[in-house]
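In what follows, a structure is listed as structure tokens, so that the remarks can point back to it.
The values are calculated or read from the model by the stated rules, or taken from the named source; none is laboratory data. Computed from a predicted structure; not experimentally measured. Because the Cβ atoms are built from the backbone with ideal geometry, glycine has one as well, and the counts that use them run over all protein chains shown.
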């Protein structure tokens, strides 16, 4: 089975009493499912509940060249087949990460409109709330993932943004 993984803010997906038990907050949609050019960036994996694959996604996200700090990473995933049943289309695109072998794991949901984003929001909400398909990597775990990737020669420390390098070396002093 293929899964689509997205970085989220876990708290935004909790049911809100004032909205109703099944409602999805607008903050979850407008923040965590923010599109660009009617596309939504996702990472594709075959065993998303697998810790190793989730760590790879966290590494890909943490080594985005635009990052300036190491932070916790909350991931959520949905079944790709469920999205395809809703007529959501996907295209391969190169992921924005310095880890070259992970770039190919990236896909975009394309030609999205409000109806399709709403459907993706429903799929993510159901996946998180009913199936517990989410995982949190703490800031320290993310640091460890990056450090291990450097030790294993997956990541060259000099390719990381300077601020990320500083945060990693501060721990070693």
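Things to note:
- Which listed residue is under 20 Å from the mean Cα position of the chain (by Cα), modelled with pLDDT of 90 or more, farther than 15 Å from residue 97 by Cβ and not in a strand (DSSP E or B), from 144, 153: 144
- Residue 98 in a loop (DSSP other than H, G, I, E, B) and touching a helix residue (DSSP H, G or I) at 6+ places or on another chain (Cβ under 8 Å): yes
- Taking region 101-122 as the range and being surrounded by fewer than 12 Cβ atoms within 10 Å (Cβ to Cβ) and under 14 Å from residue 64 (Cβ atoms) as the test, no residue passes.
- Residue match in region 18-35 (condition: within 24 Å of residue 146 (Cβ to Cβ) and touching a strand residue (DSSP E or B) at 6+ places or on another chain (Cβ under 6 Å)): yes
Condition check ((1) modelled with pLDDT under 95; (2) part of a loop (DSSP other than H, G, I, E, B); (3) touching a helix residue (DSSP H, G or I) at 6+ places or on another chain (Cβ under 9 Å)) across all residues:
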{"residue": "5", "(1), (2), (3)": "no, no, yes"}
{"residue": "27", "(1), (2), (3)": "yes, no, yes"}
{"residue": "34", "(1), (2), (3)": "no, yes, no"}
{"residue": "41", "(1), (2), (3)": "no, no, no"}
{"residue": "52", "(1), (2), (3)": "yes, no, no"}
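- Criterion (touching a residue at least 24 places away in the same chain (Cβ under 8 Å) and either in contact with a strand residue (DSSP E or B) (Cβ under 9 Å, 6 or more places away or on another chain) or at negative phi (or both)) met by exactly one of 140, 67: 67
- Number of residues in region 23-50 that are exposed (fewer than 12 other Cβ atoms within 10 Å of the Cβ) and in contact (Cβ under 8 Å) with a residue 24 or more places away in the chain equals 1.
- Of the residues screened, residue 79 is one that is more than 24 Å from residue 160 (Cα to Cα) and at pLDDT 95 or above.
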